[in-house]
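Each remark here refers to the structure printed beneath this line.
Taken together, the values in this text are just the output of simple stated rules run on the coordinates, not laboratory data. Please read these numbers as outputs of a predicted model, since none were measured by experiment. Heads up, the Cβs are rebuilt from the backbone with ideal geometry, glycines too, and the neighbour counts pull from every protein chain shown.
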Amino acid sequence: MKHTFVIAGRELRSYFVSPVAYAVLTLFTVIGGFFFLASILSFEAELANAQQWQAFDYLESMNLNDGVIAPFFQIMWIVLLVLVPGLTMSLFSAEKTNGTEELLLTSPLTIWELVLGKLLAALAMITLLTLLLAAFCGLLFVFADPTPEPRKALAGLLAVWLLGANYAAIGCFASSVTRNQLIAFFLAIVLIFFLWLIAVVTQIGAFQQAVGAESLFARILGWISTADHFDALMKGVVDTRDLAYFVGITTIFVLLTKASVESVRWR
Amino acid sequence: MIEAQNIVKRYGDTVAVDGVSFSVAAGEVVGFLGPNGAGKTTTMRILTGYLPASDGTALIDGHDIFREAIAARRAIGYLPELPPLYPEMDVQGYLTFVAKLKDVPRAKRKSAVERAMERCGLADVRRRVIGALSKGYRQRVGIAQAIVHEPKVLILDEPTVGLDPIQIREIRSLLVALASEQEGRHTIVLSTHILAEVEAICRRVILINNGKKVLDAPLAELTANGARLEDAFTRATLRDEAEPEPPSEPPVAPSGASAPSGASAPSGEAQPEPAS
């Protein structure tokens with residue numbers, strides 16, 4: 001396992017000596033700041049509206065968790081969807097173009113150590129991004145009154161981190177199948193979109209007629225889709241089934257990555 | 001130290017390496033010769049465990065390269081055809097990374113990196129970013145990378161390619177020193193097609209052509225009585241060309257088979273690069 005940290009350390013250092021880390025962090029902060037402000041402004045407008053119409057029941061139900069943090073995180077999900085493939089696209093494909101794959105595969109380390117090291121580096125970056133989001137939310141705790149519900153906010157951050165981990169594993173796999181970074185990037189995005197939108201199929205009338213909206217197949221498709229699990233965590237419900245989903249998908253793609261890296265040996 | 005046993009490598013119907021066996025004793029410096037596409041790189045990749053053999057195996061320092069891969073790889077320093085470098089890292093950082101990968105103990109790591117840099121003449125550029133180095137320096141970083149963990153076996157694929165004559169001389173004397181008693185008797189296998197290089201460093205020559213070993217003899221024997229290595233090389237490659245094509249080879253155009261174009265480019269030879 002020692003080599004895992006050697007690989008992860010090198011990968012992180014190379015993120016920070018090249019512009020990649022700075023570009024990603026800057027982009028994430030700027031976009032995050034913009035949407036954070038937008039979420040607050042729209043919450044404020046809604047609040048004013050509700051007061052004007054004297055909708056007291058509705059006013060009662062409004063809170064910063066559902067009104068600011070949740071929509072903010074929903075939008076940042078889309079940002080992650082693009083940024084994480086950008087972070088992971090070079091992880092394996094650059095090794096092929098540099099010829100360093102030959103160094104790694106003739107060194108005394110196992111393929112597991114290699115794959116997990118790469119994933120660990122990506123996870124460290126995702127942790128950093130999640131902490132940035134946490135800092136934005138922290139502002140609400142400092143300046144807002146009443147403050148949001150902290151545990152619900154934490155569940156939201158957990159959802160973002162798990163989602164990031166998920167996308168990192170998908171990105172690793174995409175990077176391991178090609179030597180072209182751009183292809184790795186787009187392949188990761190396609191896979192992510194596929195996972196996200198697969199449940200939409202079950203909404204189509206023809207599908208419901210043919211298979212049935214409540215059939216096992218529809219339920220499986222629904223389970224594979226990311227959205228429900230993300231939303232559940234966002235509501236503050238930390239259910240083992242949703243955690244199992246994220247861990248499961250991540251594991252599947254880590255296994256696929258391992259197989260793909262190994263296949264160099266058997267081609 | 002190295003024990004290659006009947007190594008075969010097939011890509012589909014093409015046979016890149018066809019039953020190559022040899023053994024190299026500790027401290028020996030062996031020149032691995034052959035025309036382009038003869039299977040030199042493939043054989044070296046198999047010896048280092050990068051590619052699996054279709055058949056046969058090899059022992060490195062007594063460890064089977066497939067069954068005891070980790071132990072075998074620890075004993076190997078390998079310079080691939082393209083030096084495996086990270087362009088964004090500096091020289092010292094890169095060599096430290098390789099030392100960690102190759103399990104150099106923490107206490108010895110710093111001195112091992114220093115020593116490798118000193119031996120390869122890299123002390124002046126230790127803080128430079130590899131991507132900004134000249135080709136000669138990059139090649140030297142590649143060699144430093146192969147020797148940083150003091151491996152018992154060094155496998156070098158065209159170590160002096162792209163270097164100027166002075167650098168070539170430096171690298172040659174480095175290799176001779178590495179094989180000597182006081183520098184730890186490294187066993188060295190190097191591939192090249194510069195015959196002068198073989199004459200300068202190697203004590204033994206293994207020649208492959210069309211994936212087969214066609215010659216394995218001490219250099220002294222080949223150059224006895226003023227004979228030239230070049231003649232032996234040409235003789236061995238051409239003799240092999242003249243033999244009928246082995247049935248496993250893919251069909252070649254008749255025009256190519258009838259005109260053996262010398263030692264440099266055997267016509268029917270198509271060694272596919274193990275692509276990505």
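Points worth noting:
- Qualifying residue in region B:145-157 (condition: β-branched (V, I, T), surrounded by fewer than 19 Cβ atoms within 10 Å (Cβ to Cβ), in contact (Cβ under 8 Å) with a residue 24 or more places away in the chain and assigned to a helix (DSSP H, G or I)): no
- When residues of region B:111-136 are limited to those that are of a type in the set (G, A, S) and in a helix (DSSP H, G or I), the one nearest to B:H149 (Cα to Cα): B:A112
- Annotation note: Cβ proximity below 6 Å between a residue of region B:51-62 that is within 11 Å of chain A (Cβ to nearest Cβ) and a residue that is surrounded by fewer than 18 Cβ atoms within 10 Å (Cβ to Cβ) and not in a loop (DSSP other than H, G, I, E, B) (sequence gap 6+ or interchain) occurs for B:P52/A:R265; B:S54/B:V8; B:S54/B:R10.
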